[in-house]
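The values are calculated or read from the model by the stated rules, or taken from the named source; none is laboratory data. None of the values given here were measured: they were computed from a predicted structure. Cβ sites come from the backbone with ideal geometry, for glycine too, and all protein chains shown count toward neighbours. Heavy atoms of the whole protein, side chains included, go into the accessibility calculation; ligands, DNA and RNA do not. Shrake-Rupley method; radii C 1.70, N 1.55, O 1.52, S 1.80 Å.
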Amino acid sequence: MNEKKTTPPLMFPGQDKKDFYLSTGTGHYSHLMSSFSNFVIGLVIAISMGGFFIARLLHLIFTSTSVDASSQSAYWLLIIATLVLSAAALAGGVLAAVSSSSQRAKVNREEVRDEVLIKCSRYQAIVGLVNVILTSVLLALEIAAIIILSASTSGAVITPSFWWIILLAVSVLASIGYLIISLGHIKAVKNGREYYLAKKVEPISMVESIVIGIGSGAKNLGVGLFNFIMLFIKAFINLFVALYKLIVKVAIAVAKFAKKFTMTFIKGTYRTKLSYFFMGLGHALMGRPVKTILYLILEAGYWLFMFLPQGGFYWLSKFDNLGDQASKIVYECSIIGMPINICPVEDQIEVTVFMDNSMLITLFAVATILLTVAFFALYWISIRGVVKAEETYVEALKKHESTDDGTTNSATQEKPKFKSPLPTFKNEVNELLNSRFHLTTLSIPAITITVFTLVPLVFMILLAFTNFNQQNGPPNTLFTWVGLQTFAQLFTSVGGSSFSKAFGDILGWTFIWAFFATFSNYILGLILAMMINRKGIKLKKMWRTIFVITIAVPQFVTLLLMSQLLYKYGPLNETLLRLGWISEYIDFLTVPLNAKIAVILVNVWVGVPYTMLITSGILMNIPDDLYESARIDGAGRFTQFVKITMPYMLFVTGPYLITQFIGNINNFNVIFFLTGGGPSANLPGVEYGKTDILVTWLYRLTVGGAQQEYAIGSALGIFIFLISAFITLSLYAKTSAATQEGDFA
Amino acid sequence: MFKPKSLFLLMASLLALSGCGDTTEGETVRLQVWGPAKEGEKEVYEYLAGKFQEAHPEITFKMGFGDVGEGDAATMALGDIDTAADVFMFADDQLANLVQKGVLNALPTTYANIVKGRDLERCVNDASFTKQDEEEKVYAFPLSSDNGYMLVYNKAFFTATDVQTLEGMMAKANKDHQVVIDMGNGYYSLSGLLDYGELSYDPYARVHETDFDSTANANALQGLIDIIQPKKDKGFKSVNVDDIMTDFSDANGNKVVAAVTGNWNVDNIMEELGDDFAATKLPTYTSADSSTVQMGSFSGSKLVGVKSSSLVSAWALAFAEFVTNEAAQQYRFEAIKKGPSNIVVDGSAAVLAEPGLAALDAQYPFSIPQGKSVGESFWTPAASVGNFIVNGPAGVDGPQTIQEQLAAFVAAVTAAPEV
């Protein structure tokens, strides 16, 4: 115990008390650190609570809500109390820091070390105690204020804010931890080191380790948050760098290809040159006409398709402005059998003939372009085929022409007719069915993917650059290209009532929902799996089966049943009312906050069986001796969980968690079937609900209601894709699965 | 995708030409019709289709019937006009949309005069539209006139005097015998003001014009709140009437004794109530400044439209006119008891004897035409006002008084839509 620790840890979960107290008890540095942390806690409380209450005060002043006197005075009391207590916490922190540093010089002298340590620890204990009292009182005041003010008849002026309550609760716990540590310092020094050098070694209790864990967790959280933000910034920059590199690569590749294309023509024989104009003609000139005929049919088919009326060029010509005239009127006679030229005016029917349909133009133009690309690929393959075949053919021809290849018939001095060495059509078909069968079978999926996936995908992406909505769309109006205007509409605010406010709200809720949904499912599934896995639980398989049975019911059936259950006049409310537990119907799904909580909880019901199964399997794999040695070293249950179970679990299920997070960002079913997007937000002009996530809002904008904002829906879809891809790529690279693969192998 | 389309256009032009030329004997005409199949409508259609064929024996009609409800017909026609039916039934609130998107063209003058001559004025109004820089023209054939709502109540529980005022009804209603108005639905939620205040819709600018945020109107709704809120769930319930249909019956303890609903539910409720069934116009209530306010409602009609790009438009018009003429309306009323739009049939004793239809007639002076008064942006803000009336403020961030809520409503419905 003679060396001073240069970087003493703030808290050391898992370590034996002896080492812990001794190591932190002797270093003056650690006093400074703990005082500093106390200072920080005080500062955080002061700034946040003070600032928050001041913000509420300003809100109260600047909104014209009438607040009755009792509410006002309670409000003022709250503000004053907060400011005073925050100032006190701040002062206490400063005092502790100052006192510790003032004792610093004395600590180095052995003879007064114990005294000094006790004194400093006493200061810290007092400060810690005061902190505990402060934060607890603040927490109690906050809760009391909320209860009082929401019961006042003029309506609650303060929104119950969970974040502040959580912050306060964490502060309380951290302060308690600090207090315990300070007391521990005193105890350690007072009882002398001999006490702890004796055989008795007490492991740190559960409560202590939780508190210590929270403290270090708070520190890690800060560091982690910082790294997290840096990660995203770096990933964002990397995205643009990678994009730039990609564009450069593509440009180079295109240039190279163009060069090859022209060089093949220039350097080619007459066969090759002809094949550039008549696809595959070279093969006929080398004795394989069937292949040529097939290629020529393809070429003819393509050009026929392009030039026919209503064919490729027709659509491409309309592609630049997506149509000129949507419809025209012709006249018919309503008197059956009378030609129009003698029809009286009052009997004439206006018949509309629909002409340009912007949507069909886009779709067919895209299909034409993709077809052209496919045809061009085939065209290039045919040319390459001719070039390659020519090599073998010319070589064989040369050999045949030279006189000494041993085939001359000595009797007649004639040579047998030259046989082309190229494979015949029959051979080629045989090859395609045997050695090159993979090409044959892959061609079908290639075609179907292009038609059913690629064409619609490109079509929808292009829609985001148009102004397709109810007013500008078929049948009798055209839409046209507007570039990035649709995206601008999503992100900027025009006139107060706009898509951007809705977008911001929904984006925020989407992330909150995805985080809580993934987190809650994972932790609860893990806890459930751990509980079932404990030694001493009988009938493990039965418990697992019971919890897994909920998977048997299809998810959307469960969700629909839940939405019926939670309906305001539904069975749950009726039962509670009849039992006398509530006196009024509870609005589960029609009040925004309740709806949000309900959605998360129902998602737990639906999702926990899956995570329980996954984590069960992984838990059973963790070797028991890790736990044994931890127990011997004195680690508590919580410490074992945090230091052994969680890292192993996170390593194995890291990618799974990311997938779940992205999946929950797009989790349409749960939100839609439970609340349908939730209670309406009542924003003038743009319709959305308070539990809407991006995909449900997309549904509502396009086909769910009468809005038919297809262009905006498409832009939203592209944005969702960008978010998902971005998060996946940046998070995956950082998971321990990618970086620590060696540790757990 | 290209060849069929060009062939199709070729055939279409040929057919169009053939429509103008002589119709030879034995020709086949294909006509596609959309209409609801439930509630006996399909049988009515089949009967009328048969009669139409008899009226024109020289032509063979191949008529296909698609089960498309009135609410869906407009959406489906707008979605893909080429596959839409030649003749379809729709509700009049879609008329503006269909005309502006070119799905419906104005009827030829002869047909328009026929409609004006034989149908109720309000139905003709519902079927008319004024395009910009044009005069008002008729765009569809009226089919029925009973889109709207009224008060249905249990005669054994309320007297005729009770149901004249909302206060009278609330005085008698309690936890076990409730009055139902679906205030969460924009269709019913503002009935307190539909007669008292002003509301109209401009389909070109797509904004409403309304004075619902005036002090008088706010006071009126405050009066409504003062009557309803104390009795929430203790005499007044705000749910969808379809969900509580069986609560009318004696077997269920008459949990519901009155409801605001339309003619479409009258048969079901009559089944539940039997002889205790009664229907009347909506009641009045007292506003916060002590004036008496009559509750208003929406009125509307069902229409039969002919697709603008129909290849057999002459026959389609003939058929549409046929299924909405007097004989057809008489048959329709007798078969399924829907409110007719024909003047003669509507005035007949049998129609006047129907309680639902009589109540709608009584309510009509206090109702506004739905198609001309509201557009798409009306429904959600109206539902919010309804929720406010029943539940009070939704949260601490939203409007806290009815005046504020109405101001928010007016802001929402008069907001110029995003282009």
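Side notes on the structure shown:
- Residue within region A:722-735 that is open to solvent by 20 Å² or more (accessible area, probe 1.4 Å), more than 30 Å from A:Arg631 (Cβ to Cβ) and modelled with pLDDT of 90 or more present: no
- Residue list for region B:39-55, filter: touching a residue at least 12 places away in the same chain (Cβ under 8 Å) and at negative phi: B:Glu41, B:Lys42, B:Glu43, B:Val44, B:Tyr45, B:Glu46, B:Tyr47, B:Leu48, B:Ala49, B:Lys51, B:Phe52, B:Ala55
- Residue check for A:Leu674: in a helix (DSSP H, G or I) and within 14 Å of chain B (Cβ to nearest Cβ): no
- Where a residue in region A:457-474 is within 14 Å of chain B (Cβ to nearest Cβ) and its partner, wherever it lies, is β-branched (Val, Ile, Thr) and surrounded by fewer than 22 Cβ atoms within 10 Å (Cβ to Cβ), with Cβ under 6 Å and at least six apart: A:Phe459/A:Val366; A:Asn467/A:Val482
- Residues in region B:54-112 that are within 12 Å of chain A (Cβ to nearest Cβ) and in a strand (DSSP E or B): B:Leu104 only.
- The set of residues in region B:261-286 being buried (at least 20 other Cβ atoms within 10 Å of the Cβ), part of a strand (DSSP E or B) and out of contact with any Pro (no Cβ under 8 Å at 6 or more places or on another chain) consists of B:Thr261, B:Gly262, B:Tyr285.
- Taking the criterion of being closer than 23 Å to A:Trp509 by Cα and within 14 Å of another protein chain (Cβ to nearest Cβ), the residues of region A:546-583 that qualify are A:Ser563, A:Tyr567.
- Positions within region A:324-347 being surrounded by 13 or more Cβ atoms within 10 Å (Cβ to Cβ) and within 43 Å of the chain's Cα centre (by Cα), in sequence order: A:Ala326
- Scanning region A:584-628 for residues that are within 14 Å of chain B (Cβ to nearest Cβ), charged (D, E, K, R) and free of Cβ contacts under 8 Å to residues at least 60 places away in the same chain gives A:Glu584, A:Asp587.
- Elements of the type strands (runs of 3 or more DSSP E) sitting completely within region B:119-224 and holding at least 3 residues that are under 30 Å from B:Gln400 (Cα atoms) and not β-branched (Val, Ile, Thr): these cover B:199-202.
- Any chance B:Asp133 is modelled with pLDDT under 95, farther than 30 Å from B:Ala259 by Cα and away from every other protein chain (no Cβ under 14 Å): yes
- Residue count for region A:348-363, restricted to those that are surrounded by fewer than 18 Cβ atoms within 10 Å (Cβ to Cβ) and closer than 28 Å to B:Val138 by Cβ: 5.
- Residues located in region B:362-386, provided they are in contact with a Leu (Cβ under 8 Å, 6 or more places away or on another chain) and away from every other protein chain (no Cβ under 14 Å): B:Gln363, B:Phe366, B:Ser367, B:Ile368, B:Gly371, B:Ser373
- Inspection of region A:653-668 identifies no residue that is open to solvent by less than 50 Å² (accessible area, probe 1.4 Å), closer than 30 Å to A:Leu593 by Cβ and at pLDDT below 85.
- Among (1) aliphatic (A, V, I, L, M); (2) open to solvent by 50 Å² or more (accessible area, probe 1.4 Å); (3) under 30 Å from A:Ala488 (Cβ atoms); (4) touching a helix residue (DSSP H, G or I) at 6+ places or on another chain (Cβ under 9 Å), the one test that B:Ala416 misses: (4)
- Among the residues making up region B:226-257, those that are open to solvent by less than 10 Å² (accessible area, probe 1.4 Å) and under 25 Å from B:Ser290 (Cα atoms) are B:Ile228, B:Gly235, B:Phe236.
- Residue match in region B:141-158 (condition: out of contact with any Asp or Glu (no Cβ under 7 Å at 6 or more places or on another chain) and open to solvent by 50 Å² or more (accessible area, probe 1.4 Å)): yes
- Complete set of residues in region A:459-479 that are closer than 21 Å to A:Ile369 by Cβ, within 33 Å of the chain's Cα centre (by Cα) and open to solvent by less than 50 Å² (accessible area, probe 1.4 Å): A:Phe459, A:Leu462, A:Leu463, A:Ala464, A:Thr466, A:Phe468, A:Phe479
- If you go through region A:477-511 and keep only what is among the β-branched types (Val, Ile, Thr), within 30 Å of B:Leu98 (Cα to Cα) and modelled with pLDDT of 80 or more, you end up with A:Thr477, A:Thr480, A:Val482, A:Thr486.
- Any chance A:Ala635 is surrounded by 18 or more Cβ atoms within 10 Å (Cβ to Cβ) and assigned to a helix (DSSP H, G or I): no
- The one condition in (1) in a loop (DSSP other than H, G, I, E, B); (2) surrounded by fewer than 20 Cβ atoms within 10 Å (Cβ to Cβ); (3) touching a helix residue (DSSP H, G or I) at 6+ places or on another chain (Cβ under 8 Å); (4) more than 7 Å from every other protein chain (Cβ to nearest Cβ) that A:Asn321 fails to fulfil: (3)
- Single unsatisfied condition, B:Val410 versus (1) within 11 Å of chain A (Cβ to nearest Cβ); (2) open to solvent by 30 Å² or more (accessible area, probe 1.4 Å): (2)
- Residues that are under 46 Å from the mean Cα position of the chain (by Cα) and open to solvent by 70 Å² or more (accessible area, probe 1.4 Å), drawn from region A:370-395: A:Leu371, A:Val373, A:Phe376, A:Ile381, A:Arg384
- Any chance B:Asp213 is within 14 Å of chain A (Cβ to nearest Cβ) and over 24 Å from the mean Cα position of the chain (by Cα): yes
- Residues of region A:678-721 that are small (Gly, Ala, Ser), assigned to a helix (DSSP H, G or I), open to solvent by 10 Å² or more (accessible area, probe 1.4 Å) and within 14 Å of chain B (Cβ to nearest Cβ): A:Gly704 alone.
- Unmet criterion (only one of (1) under 43 Å from the mean Cα position of the chain (by Cα); (2) more than 14 Å from chain B (Cβ to nearest Cβ)) for A:Gly312: (2)
- Matching residues in region A:587-600 - criterion: being among the aliphatic types (A, V, I, L, M) and buried (at least 16 other Cβ atoms within 10 Å of the Cβ): A:Leu589, A:Val591, A:Ala595, A:Ala598, A:Val599, A:Ile600
- Where a residue in region B:291-308 is away from chain A (no Cβ under 14 Å) and within 10 Å of B:Val87 (Cα to Cα) and its partner, wherever it lies, is at pLDDT 90 or above and open to solvent by 10 Å² or more (accessible area, probe 1.4 Å), with Cβ under 7 Å and at least six apart: B:Val304/B:Met89; B:Val304/B:Val323
- Across region B:188-212, the qualifying residues are those that are more than 20 Å from B:Thr284 (Cβ to Cβ) and of a type in the set (Phe, Trp, Tyr), and the one among them that is surrounded by the most Cβ atoms within 10 Å (Cβ to Cβ) is B:Tyr201.
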